[in-house]
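Here the structure comes first, spelled out in structure tokens, and everything after it is commentary.
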Amino acid sequence: MKKIIFIDDEKEILNNYVRIFETSKESSSELRELADGFFELEEYRPAKSNPLQDFTCFTASQGEEGIEIIRKELQTETPIQIAFIDMRMPPGIDGKECAKRIRALDPNIEIVIVTAYSDSNLEEVSCELDAQDKLLFLKKPFDIQEIRQLALNLTTKYNNERIKDDFISNVSHELKTPLATILGFYQLLDDETNLSSEQKEYIGLIGKSAKLMQGLINELICSVEFKKQGVEIEKNQVNLGHYIKRIYRSLGVLFENNPEVEFLIDSNNLPTQNYSFDELKITQCINNIVGNAAKFTTKGSVKLSCTRLGKWLEFTIVDTGPGIPREQLDFIFGKFNRVENKHHQTPGLGLGLSVVKSIMDAHNGKVLVESEEGVGSRFSILIPINSQE
Ligand code: ADP
């Protein structure tokens, strides 16, 4: 089933929207009756069904009302897939605010903002809304055909993405169980003392590959979950002095097999007091960035530091790896995006930095990168701190 909502303060316009879909249903059943009379034999019936038949239309005359309907439908098996939102809807919230709240509620919904030619702040609207690839502007006056095509194409796009995400999620979860068995038996064998050095080496390889696979599967699951449910931030008070040392100790293992690379911590200016942030998710960001630095750096050092920068708490990871081409510095934060060249031939799915970006966006923070090819990279994550801290 396909669900679509129209939010507009003018009743007449809402009725017209709904009529587009109702007319299609009526005409399709009329056509079928005609066809029934014309073709006597069952097998000669035209198989082509009307694609607009499956649509269920909701309407709301104010933004808040529309948001409530979307919220309610989100609890069902089939959430609303497209919201057509009028830009101006006095006396309530305008289209921009409405779209922002809908996006916060459902990161996957396709939004079409319907505007008059006189609305000039479209650029501003698109800058303020997340998920630009799920946002369209439709200028008034529009053609019925435009609404039909948008409804068909956007619901197909939405459903295809859902199928893809469900597939990734199901496969990843199915792989988890056999992998846990492999890791369990690897651990048993690894603890065995009566083994030759050759056997130890092979067992070590099994363990390394299984752990790599576990990391990839976890990244896939995390990325799909963030997309489906959004990123929920749960802040807690973190003592930075202890936190940084804990992180540094736990990440040291990434460099154990890489004697040419030193993992360092810059202990100058380390803030020691308590700060409020989501410890688990910020740790995930630092792990991903340091994990990349360890993966791509073959000689030199990777240095972790943390400083307070005005209203921000900044964690920085500087490496002496291959660097990233300037024109790809934005690209690497996209899903499944990886630099393709001889320095970037390590395993990975291209999801780690997109996860970092999602977490930092949800934290109202930033992730920045500077890099020079052949010299190294500097990644930093900035967490906003409140005035009492
Ligand atoms: P993955 O590491 O799994 O490929 P990421 O999203 O974490 O995925 O990173 C995307 C790409 O960005 C990497 O494939 C790599 O090309 C580039 N990259 C990230 N960090 C570094 C780094 N420290 N040095 C060089 N290239 C990097």
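Before moving on, here are some points about what is shown:
- Qualifying residues in segment 311-324 (those that are open to solvent by less than 10 Å² (accessible area, probe 1.4 Å) and assigned to a loop (DSSP other than H, G, I, E, B)) - the one farthest from the ligand (Cβ to nearest atom): Gly323
- Any hit, segment 277-290, residues being within 12 Å of the ligand (Cβ to nearest atom) and at positive phi: no
- Pairs where the first residue, in segment 262-288, is within 15 Å of Leu382 (Cα to Cα) and the second is at pLDDT below 90 and open to solvent by 50 Å² or more (accessible area, probe 1.4 Å), C-beta under 8 Å, 6+ apart: Ser276/Asn386
- When segment 42-67 is filtered for residues that are within 33 Å of the chain's Cα centre (by Cα), at pLDDT below 95 and in a helix (DSSP H, G or I), the ones remaining, listed by number, are Pro51, Leu52, Gln53, Asp54.
- Leu240 vs. criteria in contact with a helix residue (DSSP H, G or I) (Cβ under 7 Å, 6 or more places away or on another chain) and crowded, with 16+ Cβ neighbours inside 10 Å: no
- Close pairs from segment 326-349: first open to solvent by less than 70 Å² (accessible area, probe 1.4 Å), partner among the acidic types (Asp, Glu) and more than 6 Å from the ligand (Cβ to nearest atom), Cβ under 9 Å, at least 6 apart: Leu329/Glu370; Gly348/Glu219; Leu349/Glu219
- Residue in segment 300-310 that is within 11 Å of the ligand (Cβ to nearest atom) and either hydroxyl-bearing (Ser, Thr, Tyr) or without any contact (Cβ under 8 Å) to a residue 12 or more places away in the chain (or both) present: no
- Checking Leu264, Leu304 one by one, the residue that is out of contact with any helix residue (DSSP H, G or I) (no Cβ under 7 Å at 6 or more places or on another chain) and either modelled with pLDDT of 95 or more or assigned to a strand (DSSP E or B) (or both) is Leu264 and no other.
- Candidates Leu136, Leu152, filtered to the one that is in contact with a helix residue (DSSP H, G or I) (Cβ under 6 Å, 6 or more places away or on another chain) and open to solvent by 30 Å² or more (accessible area, probe 1.4 Å): Leu152
- Qualifying residue in segment 363-380 (condition: away from the ligand (no atom under 13 Å from the Cβ), touching a residue at least 60 places away in the same chain (Cβ under 8 Å), in contact with a helix residue (DSSP H, G or I) (Cβ under 8 Å, 6 or more places away or on another chain) and of a type in the set (A, V, I, L, M, F, W, C)): no
- Taken together, the criteria exclude Leu195 from residues that are out of contact with any strand residue (DSSP E or B) (no Cβ under 7 Å at 6 or more places or on another chain), surrounded by 11 or more Cβ atoms within 10 Å (Cβ to Cβ) and in a helix (DSSP H, G or I).
- Being open to solvent by 80 Å² or more (accessible area, probe 1.4 Å) and not in a helix (DSSP H, G or I) is not true of Thr177.
- Residue tally, condition assigned to a strand (DSSP E or B) and under 22 Å from Gly310 (Cβ atoms), over segment 341-389: 12
- Residue that is nearest to the ligand (Cβ to nearest atom), among those in segment 250-261 that are over 23 Å from Leu240 (Cβ atoms) and out of contact with any helix residue (DSSP H, G or I) (no Cβ under 9 Å at 6 or more places or on another chain): Glu260
The values are calculated or read from the model by the stated rules, or taken from the named source; none is laboratory data. Keep in mind that this is a model prediction, so the values were computed, not measured. Glycine gets a Cβ as well: all are built from the backbone with ideal geometry, and neighbour counts include every protein chain shown. The area values use the complete protein model at the heavy-atom level, side chains included, leaving out ligands, DNA and RNA. Shrake-Rupley method; radii C 1.70, N 1.55, O 1.52, S 1.80 Å.
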